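**Q** What follows is a single structure, and I will ask about it in a moment.
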There are 2 protein chains.
Amino acid sequence: MKRIVSLLVAVAAVAGVAASTITSSGRANEEASPIYGVTIPSGYRDWKLISVTHEEGDFNQLRAQLGNDVAIKACREGKLPFPDGAIIVALHWKRVPSDEDNQVFGRVQAFVAGSPVNLQVMVKDSKKYAATGGWGFGDFRDGKASDQALHEKCFPCHIPVKASDYVYTHYAP
Amino acid sequence: MKRIVSLLVAVAAVAGVAASTITSSGRANEEASPIYGVTIPSGYRDWKLISVTHEEGDFNQLRAQLGNDVAIKACREGKLPFPDGAIIVALHWKRVPSDEDNQVFGRVQAFVAGSPVNLQVMVKDSKKYAATGGWGFGDFRDGKASDQALHEKCFPCHIPVKASDYVYTHYAP
């Protein structure tokens, strides 16, 4: 009996840990990125546009980069480094042909954003993320953070654009 | 003398007409599109993103479509037709390779928004533009409206997507 009680206590403890991974918003803690603890920022889809990208090859994606007000202000003023509080979100979609457009053109030449592939987030906090150029990174698919192995690649991949404060995107007028 | 005075009156009248083409904002009336009288909406660059497009071939452009709050609400709710007051702005940029990205990839696969090509505006006013599906059109280059011949093509080109209320763009999640 004692062992059964101990087992129940252990199960309850595990359940308690599981419960603690649910945040106050009801979202599971798995949404926070490994290493950085970056989450998908609330309301990001309402943010202003920085620029757009087309990735060919294996990616075959159309992308848009949105910024919160701090990031947009820095972009427009051309001030680097980005100040603390700046957040950039990159929306990556599958690039798909637009049947409607192409019927008008009579050939396949127009491509639009298809289903979402992933979402990438960069959060500037020069103290918290001092070891990675002041940026915290998050990669999400279907709202869930990708694994640690992927996040270990984020900063190294951004080092080549150190001169642009580790940001590839430039504001499109 | 009488003829000279008449001439002066005529010149003054012409000057008066010219003066009237300057709007209260100090912008020349040449910014209003022929046929429709559509102008570049103030603050459009702060609007929310609807979607993005890649046009291959002769265009070789990356594009982004932004909407005012009325347009975005309709897009998100999937309600057609768009209500009066909806405005969609399409930003068209030259598609250029991103040297920064491509150095990392080791091949040319990333393209970004380059210099602006033109700006297209659709304004919904079901009464004012009843003859053209309720939409007024404007095409602008360097802030100046394109000519009448170009604007005569706007509505015919949008007729194939009558089922989408004459709008090609679909909201990207």
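**Q** Under a point-charge model restricted to the Cβ atoms of Lys and Arg (+1) and Asp and Glu (-1), what is the dipole moment magnitude of the stretch B:73-114 relative to its Cα centre, in debye to the nearest 20?
**A** Here the size comes out at about 160 debye.
**Q** For A:42, B:146, A:126, B:51, what ranking results if the residue with the fewest other Cβ atoms within 10 Å of its Cβ goes first?
**A** Starting with the residue having the fewest Cβ neighbours, the order is A:42, A:126, B:146, B:51.
**Q** Here is a further query. In percent, what relative contact order does the stretch B:22-135 have, based on Cα pairs under 8 Å that are 6 or more apart in sequence?
**A** Once divided by the residue count of the stretch B:22-135, the mean separation gives 20 percent.
**Q** Another question, then. Can you give the mean number of other chain Cβ atoms that lie within 10 Å of the Cβ atoms in peptide A:62-68?
**A** That average works out to 3.
**Q** Now for a separate question. What number comes out for the charge environment of residue A:167, summing +1 per Lys or Arg and -1 per Asp or Glu over other residues with Cβ under 13 Å away? Before the final figure, lay out each step's value.
**A** Numbers: positive: A:79, A:124, A:162; negative: A:165, B:100, B:101.
The answer is 0.
**Q** Let me ask something else. Given H placed on each backbone N at 1.01 Å, which residues far from residue B:48 in sequence or on other chains put an amide H within less than 5 Å of it?
**A** It is B:67, by chain and number.
**Q** Hey, another quick one. Determine the alpha carbon to alpha carbon distance for each of A:73/B:73; B:79/B:144; A:144/B:162 and list only those over 29 Å.
**A** B:79/B:144; A:144/B:162
**Q** Which shape class, rounded, prolate or oblate, goes with the stretch B:66-173 when its Cα gyration tensor gives a ≥ b ≥ c as root eigenvalues, a/c under 1.5 marks rounded, and past that a/b bigger than b/c marks prolate?
**A** prolate
**Q** Based on alpha-carbon centroids, what's the gap between the stretch B:47-63 and the stretch B:109-173 in Å, whole number please?
**A** 13
**Q** Partner chain Cβ atoms within 10 Å, averaged over the residues of B:91-103 - can you pull that number for me?
**A** Mean number of neighbouring Cβ atoms from other chains: 3.
**Q** For peptide A:154-164, compute the average count of partner chain beta-carbon atoms within 10 Å of each residue's beta-carbon.
**A** 1
No lab work stands behind these numbers, since they all come straight from the coordinates. Here the structure is a predicted model, which is why all the values come from computation and not from measurement. As a convention, Cβ positions derive from the backbone with ideal geometry for all residues, glycine included, and neighbour counts pool all protein chains shown.
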